[in-house]
Amino acid sequence: MNREADLIVIGAGPTGISVGAEARQAGLAPLLVDRGPLVASLVDYPAELVFFTTRDRLEIAGVPFAIPEEKPNRRQAIAYYQAVASRFDLPLALHEETKAIEPVAGGFRVRSRGRAGETVRFAPAVVVATGYFSWPRRLEVPGEELPWVRARYREPWGHYSEKVVVVGGGNSAAEAALDLWRHGAAVTIVCRNAALEPTIKYWLKPDVENRIEEGSISARFGARVVGFRDGEALVESANGNEAIPADAAYVLIGYRPQTALLAAAGVAVDEASLVPRFDPRTCETDVPGLYVAGTVQAGSATHQIFIENSRDHGRRIVAHRLACRGEEAAAAGRTL
């Protein structure tokens, strides 16, 4: 196989772009492979989302996030990361799903499948920066496959005068419920806990709690959805069973990162936490030459790592790759 890159980065989100840009600046040849478009997670965010994080903490690769607002919105963030990818002329293989990372002599064989069929590439090192947003958690209940039951919330406009059930108790559920209610939907929140999550953004929490207290948004706490059928969400709680009328439902209960690629490549992954074994100094896993960057490092604890606290992962990885190349060159010189 031909060597197509010094570093294949699986995932073309902000972290993957950061790794690729750092590699470019160090004279390495990266290739970013992603199952969707560039920054696919941001593309799928709610259309009117505004980041909690300030623009300076979203900057990568030393490129200023030059907007007048302190907190960027989704469109500004997408444009910024696209601009960074263009500035460093990052090679991209988009809409290709990676199927396998196979350790071979001298590096890794990476198999992917896209619109043109299967592609096999070779590189001496691979970075997995797949995040978690592509894999929303499911309830695994009957009727969840119905077309009006969705795992992503985009915008409220199609739900005016509709009855909408929002499943979940975190930030995504709170934001969706408020947005839907403010645009004319009759909203019911179903939360398995006794109250909303304490980690909800500080300006959202009193807003949604006040709307629930005044009766503008209905809520079922200590309850769980056990199924969906035409026009109804079936809910079970200590108060008994209930069929809540629903024209639409959003299951917003978080995400579960996919670690199968890492495990199949030989990386030790903790079964309970889904945290892969890696060296935090270099981001290298227990498979030499295979790295993890971004939120995948945190496993199921998806709230621990964000863009702002993983921006240096690329620098750590590239520094380690350069050190490895130096050691390899020195070893080759000794054998001559």
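The values are calculated or read from the model by the stated rules, or taken from the named source; none is laboratory data. In this text the structure is predicted, and so the values were computed from the model without any measurement. Neighbour counts run over all protein chains shown; Cβ positions are idealised from the backbone, glycine included.
Per-residue answers, yes or no, for (1) of a type in the set (Asp, Glu); (2) surrounded by 14 or more Cβ atoms within 10 Å (Cβ to Cβ); (3) over 24 Å from Gln297 (Cα atoms); (4) not assigned by TED's automatic domain parsing to the domain that holds Ala301:
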site: Pro46; (1), (2), (3), (4): no, yes, yes, no
site: Glu59; (1), (2), (3), (4): yes, yes, no, no
site: Phe65; (1), (2), (3), (4): no, yes, yes, no
site: Ala77; (1), (2), (3), (4): no, yes, no, no
site: Ala100; (1), (2), (3), (4): no, yes, no, no
site: Val110; (1), (2), (3), (4): no, yes, no, no
site: Gly143; (1), (2), (3), (4): no, yes, yes, yes
site: Tyr153; (1), (2), (3), (4): no, yes, yes, yes
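Let's see how each residue does on (1) more than 19 Å from the chain's Cα centre (by Cα); (2) within 14 Å of Leu234 (Cα to Cα):
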| residue | (1), (2) |
| --- | --- |
| Val141 | yes, yes |
| Glu144 | yes, yes |
| Arg152 | no, no |
| Gly158 | yes, no |
| Asn171 | no, no |
| Ala177 | yes, no |
| Trp181 | yes, no |
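Against the condition farther than 21 Å from Ala12 by Cβ and modelled with pLDDT of 95 or more, how does Glu145 come out, does it pass?
Spelling it out, Glu145 is indeed farther than 21 Å from Ala12 by Cβ and modelled with pLDDT of 95 or more.
Quick test for you: out of Ala301, Ala248, Ala319, pick the one residue that is touching a strand residue (DSSP E or B) at 6+ places or on another chain (Cβ under 7 Å) and surrounded by 13 or more Cβ atoms within 10 Å (Cβ to Cβ).
Working: Ala301 fails: touching a strand residue (DSSP E or B) at 6+ places or on another chain (Cβ under 7 Å); Ala319 fails: touching a strand residue (DSSP E or B) at 6+ places or on another chain (Cβ under 7 Å).
Step by step, each of Ala301, Ala248, Ala319 is checked, and only Ala248 is touching a strand residue (DSSP E or B) at 6+ places or on another chain (Cβ under 7 Å) and surrounded by 13 or more Cβ atoms within 10 Å (Cβ to Cβ).
Among (1) more than 12 Å from Ala249 (Cβ to Cβ); (2) within 27 Å of the chain's Cα centre (by Cα); (3) modelled with pLDDT of 95 or more; (4) surrounded by 15 or more Cβ atoms within 10 Å (Cβ to Cβ), there is one condition Ala219 misses while meeting the rest; what is its number?
Tallying (1) more than 12 Å from Ala249 (Cβ to Cβ); (2) within 27 Å of the chain's Cα centre (by Cα); (3) modelled with pLDDT of 95 or more; (4) surrounded by 15 or more Cβ atoms within 10 Å (Cβ to Cβ), Ala219 fails exactly one: (2).
Select, from Thr188, Thr199, the only residue that is polar (S, T, N, Q) and surrounded by 16 or more Cβ atoms within 10 Å (Cβ to Cβ). Outline the logic, then answer.
Working: Thr199 fails: surrounded by 16 or more Cβ atoms within 10 Å (Cβ to Cβ).
Answer to the selection: Thr188.
If only one of Ala243, Ala194, Ala238 is touching an Asp or Glu at 6+ places or on another chain (Cβ under 7 Å), free of Cβ contacts under 8 Å to residues at least 60 places away in the same chain and surrounded by fewer than 14 Cβ atoms within 10 Å (Cβ to Cβ), which one is it?
Values: Ala194 fails: touching an Asp or Glu at 6+ places or on another chain (Cβ under 7 Å); Ala238 fails: touching an Asp or Glu at 6+ places or on another chain (Cβ under 7 Å).
Criteria check complete, one pass: Ala243.
Any idea which of (1) under 23 Å from the mean Cα position of the chain (by Cα); (2) surrounded by 20 or more Cβ atoms within 10 Å (Cβ to Cβ); (3) aliphatic (A, V, I, L, M) is the one Val165 doesn't satisfy?
Going through the list (1) under 23 Å from the mean Cα position of the chain (by Cα); (2) surrounded by 20 or more Cβ atoms within 10 Å (Cβ to Cβ); (3) aliphatic (A, V, I, L, M), Val165 breaks only (1).
Kindly list the number of the only condition in (1) among the basic types (Lys, Arg); (2) assigned to a strand (DSSP E or B); (3) closer than 25 Å to Val50 by Cβ that fails for Arg220.
(3)
Restricting to the stretch 43-98, count the residues that are of a type in the set (S, T, N, Q) and part of a helix (DSSP H, G or I).
Residues of the stretch 43-98 of a type in the set (S, T, N, Q): 53-54, 73, 76, 82, 86, 98.
Subset that is part of a helix (DSSP H, G or I): 76, 82, 86.
Number satisfying all stated conditions: 3.
I'm told Arg111 meets every condition in (1) assigned to a strand (DSSP E or B); (2) within 21 Å of the chain's Cα centre (by Cα); (3) without any contact (Cβ under 8 Å) to a residue 40 or more places away in the chain except one. Can you identify the failing condition by its number?
(2) is the only condition that Arg111 fails.
Between a residue in the stretch 9-22 that is touching a residue at least 60 places away in the same chain (Cβ under 8 Å) and assigned by TED's automatic domain parsing to the domain that holds Val39 and any residue that is surrounded by fewer than 24 Cβ atoms within 10 Å (Cβ to Cβ) and of a type in the set (Lys, Arg), which pairs come within a Cβ distance under 6 Å, given they are 6 or more apart or on different chains?
Once the first residue is touching a residue at least 60 places away in the same chain (Cβ under 8 Å) and assigned by TED's automatic domain parsing to the domain that holds Val39 and sits in the stretch 9-22, its partners that are surrounded by fewer than 24 Cβ atoms within 10 Å (Cβ to Cβ) and of a type in the set (Lys, Arg) give Ser18/Arg311; Glu22/Arg315.
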